[in-house]
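Visitor: Shown below is the structure under consideration.
The values are calculated or read from the model by the stated rules, or taken from the named source; none is laboratory data. Predicted, not measured: the structure shown is a model, and the values here were computed from it. Methodologically, a virtual Cβ is constructed for each residue, glycine included, from the backbone with ideal geometry; neighbour enumeration extends over all protein chains shown.
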Amino acid sequence: MKARKRFGQHFLHDPAVLKRIVEAVAPARGDTVVEIGPGEGALTRPLLERLDRLTAIEIDRDLAAALSQEFPAHRLVVVVADVLEYDFASLPAGARIVGNLPYNISTPILFRLAQHAERVRDLHFMLQKEVVDRMVAKPSTPDYGRLSVMLQVRFAMTKLFNVGPGAFRPPPKVESAVVRLVPLPDKLPCDEALFEKIVREAFSARRKTLRNALPLAKEGYERLGLDPQLRPENLSPADYVRIAKASAG
């Protein structure tokens, strides 16, 4: 089928890459697995070879219909929906999520899934390489930013391998990469909305010093042992958690 630009479709077709993804996921027969954006089913098929049942979320009605015709409903549950509107809170605890995410909405998807981290066992995604590099970036590096902080407080993340444009049809104009996310055992130890607000404000002014980027009093920085002349990119995710806790107090 022809890829539709409005859905950001790039169909993965390289057998070697598909094999590496399935090996990385290593699904067990009874696992609860949800695939985001199955497309033409290139990853769906090898996953179903190892699973009793798979749920696939697909926004393209034509692709969803083709998958429903190919697989019986007791093996493949096809949900025709926008993944940004899917109720991940309905998933059973320990669900596993995989997918070749649409690059044009990958960050909103990641932020949405982070809100339900406690429901999942792990996540394996194909993403734009630049996004993966930002996800796993360390403080004080060029790729480190809001995405890094927001995800690193919720997940342990590992970049698994890079994928070239030729693995897709049509080939994207960017390099891709596969990443594994495993939820951290502890919940965020501060008010989540306040934490998100602080991180967003900090990185909207990332070239400013902390003193000018965040509404924290001088004595607050002294109490936390932070230099107010540092820049937002110099702080670790744990530092932002401490700032959120101090701001709430």
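Visitor: For residue 212, work out the one condition from (1) over 19 Å from the mean Cα position of the chain (by Cα); (2) surrounded by 15 or more Cβ atoms within 10 Å (Cβ to Cβ) it doesn't fulfil.
Guide: (2)
Visitor: Give the stretch 75-97 a look and list any residue that's part of a loop (DSSP other than H, G, I, E, B), touching a residue at least 24 places away in the same chain (Cβ under 8 Å) and either in contact with a Lys or Arg (Cβ under 8 Å, 6 or more places away or on another chain) or loosely packed, with under 11 Cβ neighbours inside 10 Å (or both), or say none. So that I can check it myself, show each step before the final result.
Guide: To start, the set of residues in the stretch 75-97 that are part of a loop (DSSP other than H, G, I, E, B) comprises 75, 81-82, 86-87, 91-94.
Still in the list and also touching a residue at least 24 places away in the same chain (Cβ under 8 Å): 75, 81, 86, 91-94.
If the condition is that a residue be part of a loop (DSSP other than H, G, I, E, B), touching a residue at least 24 places away in the same chain (Cβ under 8 Å) and either in contact with a Lys or Arg (Cβ under 8 Å, 6 or more places away or on another chain) or loosely packed, with under 11 Cβ neighbours inside 10 Å (or both), then 75, 91, 92, 93, 94 are the ones that fit.
Visitor: While we're here: Return the total of residues in the stretch 30-50 being crowded, with 19+ Cβ neighbours inside 10 Å and part of a helix (DSSP H, G or I).
Guide: Qualifying residue count for the region: 3.
Visitor: Would you call residue 219 modelled with pLDDT under 90 and either more than 28 Å from residue 115 (Cα to Cα) or not assigned by TED's automatic domain parsing to the domain that holds residue 94 (or both)?
Guide: Working: modelled with pLDDT under 90: yes; either more than 28 Å from residue 115 (Cα to Cα) or not assigned by TED's automatic domain parsing to the domain that holds residue 94 (or both): yes.
So residue 219 passes the test.
Visitor: If residue 62 satisfies all but one of (1) of a type outside the set (Ser, Thr, Tyr); (2) assigned to a helix (DSSP H, G or I); (3) over 22 Å from residue 169 (Cα atoms); (4) touching a residue at least 24 places away in the same chain (Cβ under 8 Å), what's the number of the condition it fails?
Guide: (3)
Visitor: Does residue 27 count as in contact with a Ser or Thr (Cβ under 7 Å, 6 or more places away or on another chain) and not in a helix (DSSP H, G or I)?
Guide: Numbers: in contact with a Ser or Thr (Cβ under 7 Å, 6 or more places away or on another chain): no; not in a helix (DSSP H, G or I): yes.
Spelling it out, it is not the case that residue 27 is in contact with a Ser or Thr (Cβ under 7 Å, 6 or more places away or on another chain) and not in a helix (DSSP H, G or I).
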